[in-house]
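The values are calculated or read from the model by the stated rules, or taken from the named source; none is laboratory data. All of these numbers come straight from a predicted model, not from anything done at the bench. Here the Cβ positions follow ideal geometry from the backbone for every residue, glycine too, while neighbour counts run over all protein chains shown.
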Amino acid sequence: MTERLFDDGDRTDLDPFALFEEWFALAREAEPNDPHAMALASVDTDGLPDLRMVLLNARDIRGFTFFTNFDSAKGGQLQAHPGAALLMHWKSLRRQVRMRGPVEIVTPEEADAYWASRHRNSQIASSASAQSRPLESRQALIDRVADLTASVGTGLVTRPLHWSGFRIVPSSIEFWKDGEFRLHDRVRFTRSAPDAGWTNTRLYP
């Protein structure tokens, strides 16, 4: 049966955030590993695209959030050029979602809340890692983790000031579903501003 998203009827009342939740629920059931993994693209000072995999850590009607070291390559790029694109590809479902839009920094309260939800060992690893910078050996990283673990003891691991989150506020969201013989289905939603309404159109595959 054709999903309403891809039929040729009226799609004006469809909400891309609600559609994403439907697809993400399917992915959580079908994907064996990390259904919340996404490819994140930013640009460097020369305008050259940079791409890496990150995890979608939070989402709501404001946008899609991940957390990272702001002193990392992606952290520096997104602060200098606050716009990004992301792609979530669920191979087992033969579906993908693409998004583009401006990027904003989450509040300290949001960052603190997510930091507190992380495993203690992940907190220590994030605090010990000088992400994206040269590392003389793996042992040096292991030693930094061991030193920090010893110094913290049984106390709380405080969120480093350089560790926080970025929220991608999408101006476009595209849903793609595999079809036989390359007759794929694509529908793209766009809006002119975060508080504007969405419009959508079917695209050639």
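Being closer than 30 Å to Gly76 by Cβ, aromatic (Phe, Trp, Tyr), touching a helix residue (DSSP H, G or I) at 6+ places or on another chain (Cβ under 7 Å) and surrounded by 15 or more Cβ atoms within 10 Å (Cβ to Cβ) narrows it down to one residue among Trp198, Trp163; which is it?
Numbers: Trp198 fails: closer than 30 Å to Gly76 by Cβ.
Result: Trp163 is the single residue among Trp198, Trp163 that is closer than 30 Å to Gly76 by Cβ, aromatic (Phe, Trp, Tyr), touching a helix residue (DSSP H, G or I) at 6+ places or on another chain (Cβ under 7 Å) and surrounded by 15 or more Cβ atoms within 10 Å (Cβ to Cβ).
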For this session: Could you figure out which of (1) modelled with pLDDT of 95 or more; (2) over 30 Å from Asn200 (Cα atoms); (3) in contact with a helix residue (DSSP H, G or I) (Cβ under 8 Å, 6 or more places away or on another chain) isn't true of Ala111?
Result: (3)
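Please specify each residue of segment 68-86 satisfying the condition of being surrounded by fewer than 18 Cβ atoms within 10 Å (Cβ to Cβ) and assigned to a strand (DSSP E or B).
Of all residues in segment 68-86, those surrounded by fewer than 18 Cβ atoms within 10 Å (Cβ to Cβ) come to 71, 73, 76, 79-83.
Hit for segment 68-86 is Gly83, nothing else.
Could we say that Asp10 is surrounded by fewer than 17 Cβ atoms within 10 Å (Cβ to Cβ) and within 13 Å of the chain's Cα centre (by Cα) here?
So Asp10 fails the test.
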Problem set entry | Output for segment 83-99, where each listed residue is of a type in the set (D, E, K, R) and either farther than 15 Å from Pro170 by Cβ or in contact with a Pro (Cβ under 7 Å, 6 or more places away or on another chain) (or both) | Lys91, Arg94, Arg95
For this session: Might you check whether a residue that is surrounded by 15 or more Cβ atoms within 10 Å (Cβ to Cβ), among the hydrophobic types (A, V, I, L, M, F, W, C), under 18 Å from the mean Cα position of the chain (by Cα) and assigned to a helix (DSSP H, G or I) occurs anywhere in segment 97-107?
Result: no
Seminar exercise, completed: Cβ pairs under 6 Å, 6+ apart or interchain, first in segment 89-100 and touching a residue at least 40 places away in the same chain (Cβ under 8 Å), second assigned to a strand (DSSP E or B) and hydroxyl-bearing (Ser, Thr, Tyr), ordered by first then second residue, are Arg100/Ser172
Seminar exercise, completed: Of the candidates Ala113, Ala146, Ala140, the one satisfying the condition of being under 30 Å from Leu19 (Cβ atoms), of a type in the set (A, V, I, L, M), free of Cβ contacts under 8 Å to residues at least 40 places away in the same chain and surrounded by fewer than 17 Cβ atoms within 10 Å (Cβ to Cβ) is Ala113
For this session: Could you grab the pairs with beta carbons closer than 6 Å, sequence gap of 6+ or different chains, first residue in segment 64-77 and over 13 Å from Ala130 (Cα atoms) and at pLDDT 95 or above, second one assigned to a loop (DSSP other than H, G, I, E, B) and not hydrophobic (A, V, I, L, M, F, W, C)?
Result: Thr65/Asn57; Phe66/Asn57; Phe67/Asn57; Gln77/Asp44
Problem set entry | Failed criterion for Leu93 (all others in (1) within 18 Å of Pro32 (Cα to Cα); (2) crowded, with 18+ Cβ neighbours inside 10 Å; (3) more than 15 Å from the chain's Cα centre (by Cα) hold) | (2)
Problem set entry | Candidate set: segment 117-135, residues that are in contact (Cβ under 8 Å) with a residue 40 or more places away in the chain and either among the hydrophobic types (A, V, I, L, M, F, W, C) or in a helix (DSSP H, G or I) (or both); chosen: the one farthest from Phe67 (Cα to Cα) | Ala130
